[in-house]
1. Output ³J(HN,Hα) for region 76-83: one whole-Hz value per residue in order, computed from phi by the Karplus curve 6.51 cos²θ - 1.76 cosθ + 1.60 with θ = phi - 60°, and x for Gly and Pro.
2. From the backbone phi of region 94-101, what are the Karplus-calculated ³J(HN,Hα) couplings (6.51 cos²θ - 1.76 cosθ + 1.60, θ = phi - 60°) in whole Hz, Gly and Pro given as x?
3. Please list, by residue number, every one of the GluC sites (Glu not before Pro) in region 292-349 that is coil in DSSP and has at most 16 other beta-carbon atoms within 10 Å.
4. Please work out how much length the chain gains when fully extended from residue 79 to residue 97, using 0.36 nm per residue of separation minus the C-alpha to C-alpha distance, in nm with one decimal.
5. At 7 Å along Cα-to-Cβ for each site, give me the label-to-label distance between residue 181 and residue 227 in nm.
6. Non-local amide H neighbours of residue 300 (under 5 Å, H modeled in plane, Pro and chain starts lacking H): which ones?
7. Label residue 22 and residue 281 with points 7 Å out from Cα along Cα→Cβ: what is the distance between them in nm?
8. Output ³J(HN,Hα) for region 243-250: one whole-Hz value per residue in order, computed from phi by the Karplus curve 6.51 cos²θ - 1.76 cosθ + 1.60 with θ = phi - 60°, and x for Gly and Pro.
Amino acid sequence: MDHAAPRPPLLRRLSPAAWTAISWGAAVAFWLMLWRLRRDAPNPADVVDEQARIQAALLYPNRYPSSGAWLALSAAMALPVGFARRWPLPVLGLTLAGATAVTLAQLRPLPWPPFVATADALILYLAATRSRPLAGVAAAGTVLAQLAALQLVSDAWQPGLVRGAPFAFATVIAWLAGDAVRQRREYGEALREQAVTGERLRIARELHDLIAHSIGVIAIQAGAASLVLDSQPAGARRALHTIETTSRETLAGLRRMLGVLRRADGDSAEAGPTVGLEAVDRLAETTAEAGVLVEVRWLGRRRPLSPEVDLAAFRIIQESVTNAVRHSGADRCLVAVEYRDEELAIEVVDDGRGGGARSGGSVGAGHGITGMRERVALLGGRFAAGSRAEGGFLVEARLPA
């Protein structure tokens, strides 16, 4: 059945047109804040009371633009905000440049509150969406620009720093908040990538363990059947029967795996039976038909195991026996499975040529041994594999039970 894709976060559901509308809405809000500053700041020429006029002249000296001039100036300063989402860094630079120009021109009223709020919003956006060095440089430049501009309207160095400290603190908080958002997003992406990689490796191990042994047995039996087809028809029929049985079992295993992969989390359908240690005897029979006698020894009190341990134990034995058949030239193989109080001990020993023949002279170079080691590590067990001094190859695994 088809399953709908998960819904993206709220901010990612907004269309480009919606983001454009939001950006220009912010520009209009910025313009309104600038215009309100002009409306609330008294023009000394309009003050009737003499004492109030003197006070207004001290606070708002002659560089007081007319309403029309301030309307055009505030619109020019607010216009870049409409492009903030597409070009946040240039818009930040233009915003700071506008505030600095107004300060240098000694125009009144000083529009620093709306400028600082806009700059901090842009810093937060840059820290959340851009690299940390770029956002850090932008935040540092914003703080320096604020301190420098405020110093221009202060009589001494100390008042400039005191007045600029709250603005600098707000910028730092904006950068930290945006950086936290970016780190959380990157952490989530890393977790998802790690999960995908782990799942891909798990599927690769399952496919390798499922197919490698079967293909090896089929290849050996097919070769044997072709050799005795004319002289020993009964032997050829036995080989073909083994090929048929092994092929059917492999196809059944592949179908089970595909069923698990296609099943959604919420489905109630069962994945079907999972292979485990109960299949070891059948594995020994198939391997014997391929020319290697496998002796299986069961030690300790046999008891049910968790599906993960049961499957891993069988795959380790299967891979070890497959290596013995395909690479070692062994005639005999001993499989010992011991149920201990807190662990399951597995040993597979063959009398073949050792590690050089199966892994190109380097034990563990093949994917099979690597896969076994990974299986054991995921379960928190111990694994060892290597050539024996007396000849042959030994695989040891200890799985928590």
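The values are calculated or read from the model by the stated rules, or taken from the named source; none is laboratory data. Everything quoted here is computed from the prediction, not taken from an experiment. Neighbour counts are summed over all protein chains in view; Cβ atoms, including those assigned to glycine, are modelled from backbone coordinates with ideal geometry. The accessibility values were calculated without ligands, DNA or RNA, using every heavy atom of the protein model including side chains. Shrake-Rupley method; radii C 1.70, N 1.55, O 1.52, S 1.80 Å.
1. Once rounded to whole Hz, the list reads 5, 6, 8, 4, x, 4, x, 9.
2. Result, rounded to whole Hz: 5, 5, 5, 5, x, 5, 5, 5.
3. Within region 292-349, the qualifying GluC sites (Glu not before Pro) (loop, at most 16 other Cβ atoms within 10 Å) are 342.
4. Working it through step by step, the gained length comes to 5.2 nm.
5. Between residue 181 and residue 227, the label points sit 7.1 nm apart.
6. Under 5 Å from the amide H of residue 300 lie the amide H atoms of 339, each far enough along the sequence or on another chain.
7. Label at residue 22, label at residue 281, 6.6 nm between them.
8. Result, rounded to whole Hz: 4, 5, 5, 4, 5, 5, 5, 5.
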